1. Is there any pair linking a residue in segment 98-118 that is under 17 Å from ILE47 (Cβ atoms) to one that is at pLDDT 95 or above and among the acidic types (Asp, Glu), with Cβ under 7 Å and at least six apart or on different chains, and which?
2. Among the residues of segment 69-94, count how many are surrounded by fewer than 19 Cβ atoms within 10 Å (Cβ to Cβ) and either acidic (Asp, Glu) or touching a helix residue (DSSP H, G or I) at 6+ places or on another chain (Cβ under 7 Å) (or both).
3. Select from segment 95-104 the residues that are open to solvent by less than 20 Å² (accessible area, probe 1.4 Å) and either touching a Phe, Trp or Tyr at 6+ places or on another chain (Cβ under 9 Å) or basic (Lys, Arg) (or both) and list them in ascending order.
4. Go through segment 1-42 and report how many residues are part of a strand (DSSP E or B), surrounded by fewer than 24 Cβ atoms within 10 Å (Cβ to Cβ) and among the basic types (Lys, Arg).
5. Taking GLU252 as the residue in question, decide whether it is of a type outside the set (S, T, N, Q), over 15 Å from THR10 (Cα atoms) and more than 18 Å from the chain's Cα centre (by Cα).
6. Assigned to a loop (DSSP other than H, G, I, E, B), touching a strand residue (DSSP E or B) at 6+ places or on another chain (Cβ under 6 Å) and surrounded by 21 or more Cβ atoms within 10 Å (Cβ to Cβ), is that true of THR66?
7. Can you tell me which residue among ILE188, ILE199, ILE168 is touching a residue at least 24 places away in the same chain (Cβ under 8 Å) and either in contact with an Asp or Glu (Cβ under 7 Å, 6 or more places away or on another chain) or buried (at least 17 other Cβ atoms within 10 Å of the Cβ) (or both)?
Amino acid sequence: MKVTLLGTGTSQGVPVIGCSCEVCRSVDYRDKRLRVSVHLQVNGKSIIIDSGPDFRQQVLRERIRTLDALVFTHEHKDHTAGLDDIRAYNFSQHKDMPLYGEERVLEQLKREFAYIFSGIQYPGIPRVELNPITEEPFEVEGVRFIPIRVKHYKLPVFGYRVGDFTYITDANYISEAEKEKVRGSKVIVLNALRQEPHISHFSLQEAVELLEDLQPERAYLTHISHLLGLHREVELTLPDFIRLGYDGLQIEV
């Protein structure tokens, strides 16, 4: 499996509009973070988790010419806003795009992208196929996904395990039972918003403590804000098996 971090930033991205902190002024490409998303290439299939506002820019940058499905973690705008841009894949692949998400998430997509689901099929609108999922494992084009239930403050969110890879974003709580689904993963990508505690995301310390408990071979942090600090400085403080993710990072699992 090849995993590409399409975006590693929080909902505002980095740099933040109007901010002049040292992170937002940084010239290090690793401090430039689009909204969070990940691309999986596994068993010949191309799958993206979450289509945020930067979806078009991300797939063009990584030259993702085919896309077999989109899987959603939850319904927040920084994870769904780029859905319209799947049209290009509809045109080139001559098929509807399968979307996977909880019923609640799919209903939110119907509201926010009402023109896709209206009775008037305007020429050129995205064509989608809705696939509701639950906490049970499911398959996407023959690829097995194990949902990992986490909490984003009070909102239930899914992380996913695919083979030896686990991806969790927008979380600040995971139960012991759900941790057991993650254990044994060789690679974990986990959110770490900033240095200070936050109401709905793991802080850096909380993320490191969780990863030290889960003990993957390698771990990468994502959903990072400008408040975490400069990439080159924060990395020096991390255990050897944990690195900061950055946009475009490719991971072999």
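1. Hits for this filter: PRO98/GLU129; LEU99/GLU129; VAL105/GLU75.
2. Total satisfying the criteria: 2.
3. MET97, LEU99, GLY101
4. Qualifying residue count for the region: 1.
5. It is false that GLU252 is of a type outside the set (S, T, N, Q), over 15 Å from THR10 (Cα atoms) and more than 18 Å from the chain's Cα centre (by Cα).
6. no
7. The conditions single out ILE188.
Condition check ((1) surrounded by fewer than 17 Cβ atoms within 10 Å (Cβ to Cβ); (2) within 20 Å of the chain's Cα centre (by Cα); (3) under 17 Å from TYR173 (Cβ atoms); (4) not basic (Lys, Arg)) across all residues:
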residue: GLN195; (1), (2), (3), (4): yes, no, no, yes
residue: GLN205; (1), (2), (3), (4): yes, no, yes, yes
residue: GLU209; (1), (2), (3), (4): yes, no, yes, yes
residue: ASP213; (1), (2), (3), (4): yes, no, yes, yes
residue: ILE224; (1), (2), (3), (4): no, yes, no, yes
residue: LEU238; (1), (2), (3), (4): no, no, no, yes
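The values are calculated or read from the model by the stated rules, or taken from the named source; none is laboratory data. Because the structure is predicted, anything quoted here is derived from the model rather than measured. Counting neighbours? That spans all protein chains shown, and the Cβs are built from the backbone with ideal geometry, glycine included. The protein model used for the area step is the full one, side chains on, heavy atoms only, and it has no ligands, DNA or RNA in it. Shrake-Rupley method; radii C 1.70, N 1.55, O 1.52, S 1.80 Å.
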